[in-house]
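A short reminder: the numbers here are calculations on the coordinates, not readings from a lab. Since we're looking at a predicted model, the values are computed, not measured. Here Cβ is always computed from backbone atoms with ideal geometry, including for glycine, and neighbour counts include all displayed protein chains.
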Amino acid sequence: MNWIAILAIYRFEMARTFRTIFQSILSPVISTSLYFVVFGAAIGSRIAEVEGISYGSFIVPGLIMLTVMTQAISVASFGIYFPKFIGTIYEILSAPVNFIEIVIGYVGAAATKALMIGVIILATATFFVEVRIEHPVWMVAFLVLTCISFALMGFIIGIWARNFEQLQLVPLLVVTPLVFLGGSFYSITMLPEFWQKVTLFNPVVYLISGFRWSFFGMADVAVGASFAAIALFTGLCLAVIWWIFRTGWRIRN
């Protein structure tokens, strides 16, 4: 394993992040505050509790997951797309670096930034509501796996995209709606029985449910199913990336 190459890619991507560190920190803090004002105050005044948990506290895991997923995708997709756009991707491909080291460098940097923002949102939430974490180890595990898996997804999108518009297509039209419809700001048990069954086909439900369980000890689906879902998604993304580098799809042409 060429750790020097991995570190070089990782440091280069993180340097791009730290050049906009003020924006990276300020943006999630403001967004989190607005969510608590809108959802916590407006909706929370009508929904006092959800299964014994105050509504303001209940939305914290969903809010973290929403931001972490979108950030991991956007950072990873731009990180690999830009070298394609300016042509420096061929320098990386011709260097004595295999695809595993390339993926670790880019995905590791994207996952790190997403994880940082997730921690910032969690810290910001404590100023508005009481946040308890019943299973901290599982919370960290779910958060890290989500950052990695969606950074891998972003890496795939960055290779697939032919222009800057396509970079935003999947996060805006697919991921964000799935998160909002996946029980991020409500429990799916609040839905009619038919829609509860339909919602179970949304993969994001399993991620948010498992993450919320690590906070409050309550889940809409079995915790084992949540962990299996994120592990399966991570494995699928790795398989797709392996196929991309094996065939050179949208990299060598």
Checklist outcome for this item: Around Thr199 (Cβ within 13 Å, Cβ-to-Cβ, excluding Thr199; K/R +1, D/E -1) the net charge comes to -1
Item to check | Extended-chain gain in nm, criterion 0.36 nm per residue less alpha-carbon gap, Ala15 and Phe194 | outcome: 59.6 nm
Next on the checklist: Counting only other residues whose beta carbon sits under 15 Å from that of Ile121, what net charge do I get with K and R as +1, D and E as -1?
Outcome noted: +2
Item to check | Size of charge dipole - the stretch 3-247 - debye, nearest 20, with Cβ of Lys, Arg +1 and Asp, Glu -1, no other charges | outcome: 460
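Taking N as the number of residues in the stretch 109-240, what is its alpha-carbon radius of gyration divided by 2.2 N^0.38 Å? Don't jump to the answer; show the numbers that get you there.
Working: Rg = 15.4 Å, N = 132, 2.2 N^0.38 = 14.1 Å.
Cα-based Rg divided by the globular estimate yields 1.09.
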Checklist outcome for this item: In vacuo Debye sum over C-alpha of the stretch 63-111, base-10 log of normalised intensity I(q)/I(0) at q = 0.16 Å⁻¹, listed in q order, is -0.50
Checklist outcome for this item: For the pair Ala123 and His135, the simple spin-label estimate (label points 7 Å beyond Cα toward Cβ) gives in nm 2.6
Checklist entry - Comparing Phe164, Phe215, Phe58, which has the greatest mean-square fluctuation in the GNM of the chain with Cα pairs linked when under 10 Å apart? => result Phe164
Next on the checklist: 7 Å from Cα along Cα→Cβ at both Phe82 and Ile25: what's the point-to-point distance in nm?
Outcome noted: 2.1
Checklist entry - From Cα coordinates alone, what are the radius of gyration and Dmax values for the stretch 1-131 in angstrom? => result 18.7, 60
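Could you work out the percent of alpha carbon pairs in the chain separated by over 23 Å, rounded to a whole number?
Of the Cα pairs, 51 percent sit more than 23 Å apart.
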